[in-house]
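The values are calculated or read from the model by the stated rules, or taken from the named source; none is laboratory data. Since the model is a prediction, treat every value here as computed from it, not as a measurement. Here the Cβ positions follow ideal geometry from the backbone for every residue, glycine too, while neighbour counts run over all protein chains shown. Heavy atoms of the whole protein, side chains included, go into the accessibility calculation; ligands, DNA and RNA do not. Shrake-Rupley method; radii C 1.70, N 1.55, O 1.52, S 1.80 Å.
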Amino acid sequence: MSLAQNIKKTINYSRKNGYGEAFFAAWERMTANYHKDYTYRKPDQDELARQKNDQSITDLQFSILVPAFETQAVYLKALIDSCLEQTYENWELIIADGSKSDVVKEAAAAYNDTRIRYERLGENGGIA
C-alpha cells in the first residue's frame, strides 16, 4: 500500500473513530513486526508430489463459490488456473454469473474440467 493510500485510510479512520483512536491505530501499524520471523519458501517438486499423493483427507470436498459480473477473462483465467494448480484435488469451483454478456461463460467454457461448474443467474442480485 502506498503512502498516499495509508494517509487516506488514516484520515477516513479518524473521521469514523476519532483522532485519538486513529493515532494509536497508526502507531500500532508502524511499530508492529508482523512479518519479522516469516520467510516464504516455495515448496519443491518432492513436497508438491507428497501433498498430491496424500490420501489421508480425500473424503473432504469443498466448494469455491465465485460471484461474477462482467469479469474480465484475464482475471477469471487466473482464478481458475490457481484452483487447478492446487495439490489437493477434491474441490469444485462454482461460478455464479450475473452478466448480461457471455464474457464469463466463454472464459469458463475454455476449461474442460468436471470440477468447474458454470451457473448463469437470471439476474444480477449483487455479490451475495
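Divide the volume of the convex hull around the Cα atoms of the chain by the residue count and you get 208 Å³ per residue.
Accessible area of the chain with a 1.4 Å probe: how many percent of it is carbon plus sulfur?
54
Think of each Lys and Arg Cβ as +1 and each Asp and Glu Cβ as -1; about the Cα centre, that makes the dipole of region 49-102 roughly 120 debye.
Take every Cα pair under 8 Å whose residues are at least 6 apart in sequence, average their separation, divide by the length of the chain, and the relative contact order is 21 percent.
Equivalent ellipsoid of region 85-128: semi-axes from √(5λ) of the C-alpha gyration tensor, largest first, are 22, 13, 8 Å. K9 contributes about 100 Å² of solvent-accessible surface, heavy atoms of the protein only, 1.4 Å probe.
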